[in-house]
Every structure is written in C-alpha cells, then in structure tokens.
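To start, the structure under review is shown below, and the notes come after it.
Where a number appears in this text, it was derived from the coordinates with a stated rule and is not lab data. Just so you know, these numbers come straight off a predicted model, no measurement behind them. Quick reminder, even Gly has a Cβ in these numbers, built from the backbone with ideal geometry, and neighbours come from all protein chains shown.
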Amino acid sequence: MGPLRVTRGLLLFAACALALPAAADEIRLKDGKKLYGVIVAYEDNMFKVKTDFGFVLVEKNKISAIIPSAPAPPKPAEKPAAKKEEVPEPPKPAPKPTPEPKKTASKTASPAKTAPPPAKSGEAAEKPAASATAAAIPPAAPPQESGPPPNREEVQGNTYINHTYGFRMFKAPSWNLQDEARRALPNAIAALGTSNESTLMVIGIEKTKEPLDAAAASIARRLQDAYTNYRGLEQKKIQVGGLPAVEYHYRGTEGEHDWSGRLVVVARGKDYFTILGMTYADSDLIQIQENVISRAIASLDFTAP
C-alpha cells in the first residue's frame with residue numbers, strides 16, 4: 001500500500017459510529033452476568049443495547065468485555081437453471097442450379113493482348129493487387145498505456161461490494177466511503193470509515209513476486225515508518241475468505257493521538273490485498289472500535305461478482 005501518511009484531521013470519535021449489525025453480540029458484565037444484543041447508541045456513559053426483549057441501558061464501567069458474533073458465511077452462488085436442448089430442424093434440400101444459356105462465339109476476334117515485358121534481373125515482379133490492398137489499410141495506431149480500471153463499488157445495506165476487484169465485506173452502519181483517503185494513499189482501491197474519521201479502513205492491492213511472508217514483512221516495515229513510537233503487539237498467520245493471510249496488530253502515534261491498528265496481507269493469485277484498519281487507542285471505547293474492525297476483516301469474501 002506504500003507508506004501511509006495519516007493527516008491530523010483524520011480522526012475524532014463518535015459513539016454512534018459503532019452501531020453493529022443485527023447479529024447479537026455477547027456483552028460480559030463484571031458481576032459474571034452475560035447479555036446478548038446489539039449496541040445501538042452510547043450517551044451519558046451508558047450503552048443502549050437492543051435485545052430480544054427490548055432496550056437495556058448498561059453503564060460502561062460495569063462491562064468487562066464485548067465479544068462480537070461471528071460473521072455469517074457467504075451464501076453459495078445459485079447455479080443457473082439448465083437450458084432445454086433444442087432439436088435442430090432437418091436441413092432443407094438445396095435448390096437445383098439453373099443451367100446457364102450457352103454463349104454464342106463472337107464473330108469478330110478480339111485483338112491479342114500484349115504480354116508485359118519480363119522483369120529485369122534483380123527486380124521483383126510487381127503485384128498490383130497486393131499493393132492496392134496494403135494501401136487501403138491504414139497503419140495501426142501505437143498501443144496506448146492502460147491505466148487502472150474504473151473503481152466500480154457500491155453499498156447494499158451493511159455490505160460493501162467492489163465489483164472491479166471482486167470482493168465484499170461488512171460495513172458498519174455509520175461507515176461511509178472515504179474517497180479522499182482512497183485517492184491520497186498509493187495503491188488504495190477502497191476506503192471506508194466514520195464521517196469524523198475516527199475509524200478508518202483502507203484496502204489496497206499490490207503485485208509482487210515475493211512469497212506471502214516476505215511481501216507482508218515488507219509492507220509492515222513501510223507502515224512502521226508512518227508512525228512515531230511504533231509498537232508491534234502481535235503477528236500471526238490466518239485465513240481470510242478462505243485465502244492465506246498474515247496479520248499484524250500494532251500501536252503507534254501519529255499527530256495528537258495514539259492509534260490501534262491491524263494490517264492484514266492476503267494472497268490471491270498474483271495479487272496481494274492489504275487491509276489496514278485503525279482507530280484511536282486513547283478512546284474509552286477502543287475495544288468496541290477494534291471489534292468492528294475485526295468483524296469487517298473476518299467478513300471479507302473474495303468471490304463477489
């Protein structure tokens with residue numbers, strides 16, 4: 001994805017940015033109780049949770065952990081209905097040729113044509129038919145350099161779909177397409193995040209002949225240069241959308257804030273997809289922010305049309 005330079009105006013926190021999809025999450029309280037529902041709002045140090053029995057208000061300091069539900073597996077594509085075989089009609093008999101009338105020999109003999117003089121030694125005989133055909137065909141235009149394909153993307157409810165590069169993923173309800181961030185970062189093909197830019201996810205694509213481990217390490221080193229006080233927390237091999245991947249979890253300082261980020265490098269054929277999700281690490285709701293990023297990464301499906 002190239003060196004990442006995050007601007008200072010990229011991140012401010014909004015609690016409503018973390019509204020989760022309809023799948024219920026497990027909310028563990030400090031007294032040992034568990035609550036299952038969807039967090040829809042945060043106000044006055046209280047979470048508003050939608051459960052099967054109605055809305056419940058829970059104080060933030062009484063929550064020990066929030067465990068997001070696993071994303072639903074992608075539905076297999078439906079096979080098109082088999083077409084009925086059409087029985088070909090028997091061929092019709094060809095019409096009999098009509099005999100041409102006999103030509104009467106002309107009484108006046110045509111004058112004999114003079115044969116062209118033989119070609120001189122070392123000279124090739126002229127071919128007027130070939131020369132006329134070659135002159136009628138214009139010379140081929142020089143090939144033009146092809147630029148990147150147009151980015152065909154759309155949002156359907158809580159799903160982001162990229163038709164150009166063939167993938168889909170979960171989009172938090174309050175995330176929007178961040179076109180400015182996508183254009184500002186090299187090799188970026190998609191960018192989503194909150195309108196106040198407190199949480200951002202950028203997806204890029206790279207082409208390299210290096211194996212997955214070496215390519216991921218190279219990308220991680222470039223990312224490290226973008227932060228001050230960079231701290232690597234975890235590195236592991238995972239599967240994303242059924243494809244091999246390497247994940248890095250890190251912390252780093254940029255601008256006036258400390259950041260928590262996840263970099264995932266996914267190998268698909270000759271292409272390497274880079275998924276970078278980051279959010280404020282100095283926010284009281286960092287755990288929820290990280291859960292939303294993890295859910296989006298786990299939902300990646302590279303079989304989109």
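How many nm is it between the label spots at Thr51 and Ile286, if each spot is 7 Å from the Cα in line with the beta carbon?
For the pair Thr51/Ile286, the computed spacing is 2.9 nm.
Out of every Cα pair in the stretch 151-305, what percent are spaced more than 19 Å from each other?
Of all Cα-Cα distances in the stretch 151-305, 51 percent exceed 19 Å.
Mind checking the full-extension length gain between Ala65 and Lys207? Use 0.36 nm per residue of separation minus the Cα-Cα distance, one decimal, nm.
On the way: separation 142, 0.36 × 142 = 51.12 nm, distance 3.91 nm.
This chain segment gains 47.2 nm when fully extended.
Based on the Cβ-Cβ distance from Arg152 to Asn229, what FRET efficiency comes out when R0 is 41 Å, to the nearest 0.05?
On the way: r = 39 Å, r/R0 = 0.95.
Step by step, r from the Cβ atoms, then E = 0.55.
Which parts of the stretch 290-305 would a label at Val40 reach, counting a residue when its backbone N lies under 20 Å from a point 7 Å out along Cα-to-Cβ?
292
List the trypsin sites (Lys or Arg not before Pro) within the stretch 206-287 that fall in a DSSP loop (any state other than H, G, I, E or B) and whose Cβ has at most 15 other Cβ atoms within 10 Å.
In loop regions of the stretch 206-287 (DSSP not H, G, I, E or B), the sparsely surrounded trypsin sites (Lys or Arg not before Pro) are Lys209, Lys270.
Given the pairs Lys171/Lys209; Lys30/Lys236; Lys30/Lys237; Lys33/Lys62; Lys33/Lys60; Lys50/Lys171, which span a C-alpha to C-alpha distance of over 22 angstrom in this model?
Lys171/Lys209; Lys30/Lys236; Lys30/Lys237, as the Cα separations exceed 22 Å there.
At R0 = 35 Å, how high is the FRET efficiency between Ala214 and Arg251 if r is their beta carbon distance? Nearest 0.05 is fine. Walk me through the numbers before you get to the answer.
On the way: r = 24 Å, r/R0 = 0.69.
Calculated transfer efficiency: 0.90.
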